[in-house]
Amino acid sequence: MCGIIGYIGPERASGILLKGLKSLEYRGYDSAGMAVIDSGRIICKKGAGKVEEINKKVDFPSIEGNIGIAHNRWATHGKVNDVNAHPHLDCSGNIAVVHNGIIENFEELKKELKGHSFKSETDSEVIAHLIEEEMKDLPFDKAFIKAISKLKGSYAVLAIEAKSNKVMAARKGSPLVVGVSSDAFFFSSDIPSFIDWTKKVIYLHDYDVVEAGKEIKIYNLKDGFVSRPIDSVEWKAEQIKKDGFEHYMLKEIVEQSDTIRRAIQQKRELVERIAKQLKEARGVFLIGCGSSYHACLTGSYLFSKVAKMHVNPVLASEFKNYKHFLKKESMIIAISQSGETADVLEAVRAAKEKQSKIISIVNRAASSLTRESHESLLMNAGPELSVLSTKTYTSQVALMAMLAYTIAGRYDEGMAKLKKLYMDIYNLTSRNMRDRLRALAKRLLNEEHIYVLGRSLQYPTALEAALKIKEVSYIHAEAFAGGELKHGPLALIKKGSPVIVFVSKDDKDIIANANEVKTRGAYVIGVSHKNYDIFDYWIKTPESEELGPILQIIPIQILAYQLAVLKGLDPDRPRNLAKSVTVK
Ligand code: F6R
C-alpha cells in the first residue's frame, strides 16, 4: 500500500533513495518518484511503471543534493499515470510531499484551499498545498504540523521544502520508522530499505511528527514533545537479499524448514499463559485477512480436534457483524504478518472498546497490531518480501498448533511433533521436488481453471492453495470442501479439468470425492502420503495428522511459483496487489 522513504545526511540522497525504492517495491509498484533539494530548488522526477523502467527514463541518480524523499505507489485515488505518481508539489514547486494512506477529508480541504491549482487526482496532493497555505504565516516546520493536524484518515507523510534543510515526517495509522546513523536520518515504511546503512531505529507512534535536520525532534500532536527510544533491529542485511534465488518467493518457500523452527521458539511460560487465558475466555474469535484468515480457519480445526475447544474464525473485514457478541471476558487472536492490515486493526480496536483481551500473532515485532495487543506471539520469520505469504503462513499455522497442544495439556508432545517438521520441509523444498513441480506446472500452464478439494483440516489448506495459485499465476483457482462438491461445484468438472485433492491419512470420504471428479473426466492431482489409483499425478507429502496442513501447502506454493515463472510473470509482485493492506 505504497512505500515511502526519506533521507537527510552527508551522502547524495538519490542513490540511497533509489535503493530504498527498489527494496520497498513490494509495497506498491504502479509508479514511483523522488524529490531532492538541490541548491535551494526541488528537483522532482517521477512516472508510472516499475522503478527500474522509470529510472531508465529519468535517471534518478543524476539528481544531486543530500536531502530527499521518494515513493512507490499502489493506487487508491486516481489512475496509474505520471501525474498521479508521488512526490506531489505545491503551486510554487517549493514543497514536495510523499504519502502512504488515505486522507478521508481531502475533498473538503481542497475546497477550502481557494486559489490553489491541483494537478493530480490524488488525495495526497492536498497535503503539499495545505503546507503552502500555512507557510503564508509560519515557517516550514510549524506549517507542516498545522497542516498535518487538519488531516483525517491514515497517513505516513514526508515533506521537504526548498529553502529548509530538514525533512518533516508524520504518521497516523500507516507505518513509518526512522533509521538513525551517526550522521544521517532515514525515514521509511519498512526497515529493509535502510538496513545497509543502519540497524538503529525509532518506531514512531500515531500522531508523532518528526523534524529532522542535524538533530531530530519528535512532537506528538496529542502529547507535545516526546522522546522515543532508539532500538536495534536484529535482521541481517543478507536476510533481505535473494541469496542466489531468482525471486524472493522461492527463497521464502525454501526458508520454511528454518522459519518453522524459529516460529516455535517461544517462551513456554508465555505460551502457557495465553493458553490458560484462552481456556478461561468466554468466546474466542480468530481474525485475519487472506492467507492469515486461512491460518485462522486451520486454527479453528486444530483447536477443535486437539484442544476440544470451540473458537470462531472470522474474516477481519466481516468482524463488525459479530462485535455485539464481545464482552470483557471475550478473547481475540488477531493473526497478521504485517501487523498493519487496516481491517485487522479496526476489528481489534472494536474489541478493545468492549475491553476484550487481544492476543496477536505477528511477524513484524514493532507493528501497530503488536502495540494494540495485550500480548503477542512473534512469528520470527524474518522479512517476507514477496507479496505472497508463504513462510509466514506456515509459521502462523505452527503457532496455532502450538497453542492447541498447550491448551490440551500436550505441550511437550506438540513441540516434539513441530520440531520434527524441519526435515520433512527440507525435503519438500528440495531442488528435485522443485523440478518435479515445474514439470507439473508445464502440464497446467494453459489451464483456465484449477479446482482444489479438501476436507477437515485440509479444507483451509485447499482455500490457501487456490489463493496462492490464482494470485501469482492469474489462473482461476477455486477451492471446495469435499462434501460440498455434489451441492453444485461438480457441474464445473469436464474432461481434463485439473483438480488438486488434499488427502489426509485414512480419509475415505475425500477419496470418494476424488472418484466423483475422476468419473467426470478430471485430471486428479493428489497431495497425499500415499499413492491412490485414481491419482493421475501424485505429490507425495509425509504422513502427518494434525500438522499435515503445514506440509501439504508447501508443494502447492512451489507449483504456484513455477506457474508464474513459466508464464513470464513476476511472482514477487503480482498485478494489483501490495504486501500490506493498510487501507480498507
Ligand atoms: C496472500 C497474502 C494476503 C495476506 C493478507 C493479510 O498471499 O499475502 O492474503 O495474507 O493481505 O496480510 P497480513 O497477514 O499482513 O495481515
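The values are calculated or read from the model by the stated rules, or taken from the named source; none is laboratory data. Source: prediction; values computed, not measured. Every residue, glycine as well, gets a Cβ built from its backbone with ideal geometry; the counts of neighbours run over all protein chains shown.
Scanning region 451-487 for residues that are more than 16 Å from the ligand (Cβ to nearest atom) and touching a residue at least 40 places away in the same chain (Cβ under 8 Å) yields a total of 8. Of all the listed residues (Ile69, Ile42), the sole one being among the hydrophobic types (A, V, I, L, M, F, W, C), more than 29 Å from Leu577 (Cβ to Cβ) and surrounded by 21 or more Cβ atoms within 10 Å (Cβ to Cβ) is Ile42.
Residue pairs whose Cβ atoms lie under 7 Å apart, separated by 6 or more positions or on different chains, with the first residue in region 146-174 and in contact (Cβ under 8 Å) with a residue 24 or more places away in the chain and crowded, with 24+ Cβ neighbours inside 10 Å and the second assigned to a strand (DSSP E or B) and polar (S, T, N, Q), are Ala156/Asn100; Ser174/Asn100; Ser174/Ser154.
Can you go through Leu278, Leu297 and tell me which one is among the hydrophobic types (A, V, I, L, M, F, W, C), within 25 Å of the chain's Cα centre (by Cα) and either away from the ligand (no atom under 14 Å from the Cβ) or closer than 17 Å to Leu463 by Cα (or both)?
Values: Leu278 fails: within 25 Å of the chain's Cα centre (by Cα).
Sole residue among the options that is among the hydrophobic types (A, V, I, L, M, F, W, C), within 25 Å of the chain's Cα centre (by Cα) and either away from the ligand (no atom under 14 Å from the Cβ) or closer than 17 Å to Leu463 by Cα (or both): Leu297.
Residues in region 238-275 that are more than 17 Å from Leu378 (Cα to Cα), of a type in the set (A, V, I, L, M, F, W, C) and either touching a helix residue (DSSP H, G or I) at 6+ places or on another chain (Cβ under 7 Å) or not assigned by TED's automatic domain parsing to the domain that holds Phe303 (or both): 5 in all. Scanning region 214-232 turns up no residue that is in contact with a helix residue (DSSP H, G or I) (Cβ under 8 Å, 6 or more places away or on another chain), of a type in the set (D, E, K, R) and surrounded by 15 or more Cβ atoms within 10 Å (Cβ to Cβ).
Taken together, the residues in region 55-102 that are touching a helix residue (DSSP H, G or I) at 6+ places or on another chain (Cβ under 8 Å) and assigned to a helix (DSSP H, G or I) amount to 4. Residue-level analysis places Ser360 among those that are assigned by TED's automatic domain parsing to the domain that holds His247 and within 12 Å of the ligand (Cβ to nearest atom).
Do you know which residues across region 545-584 are in a loop (DSSP other than H, G, I, E, B) and either away from the ligand (no atom under 14 Å from the Cβ) or not assigned by TED's automatic domain parsing to the domain that holds Lys470 (or both)?
Within region 545-584, Glu545, Glu546, Leu547, Lys567, Gly568, Leu569, Asp570 meet the criteria.
On the stretch given as region 16-49, residues that are of a type in the set (S, T, N, Q) and part of a helix (DSSP H, G or I) total 1. Tell me, please, whether a residue that is part of a strand (DSSP E or B), among the acidic types (Asp, Glu) and not assigned by TED's automatic domain parsing to the domain that holds Thr341 can be found in region 119-138. There is no residue in region 119-138 that is part of a strand (DSSP E or B), among the acidic types (Asp, Glu) and not assigned by TED's automatic domain parsing to the domain that holds Thr341.
The set of residues from region 485-510 being in a helix (DSSP H, G or I) and within 22 Å of Glu546 (Cα to Cα) comprises Lys508, Asp509, Ile510.
Asp206 is checked against (1) in a loop (DSSP other than H, G, I, E, B); (2) among the acidic types (Asp, Glu); (3) surrounded by 15 or more Cβ atoms within 10 Å (Cβ to Cβ); (4) not assigned by TED's automatic domain parsing to the domain that holds Ala159 and fails just one. What number does that condition carry? So the condition that Asp206 fails would be (4).
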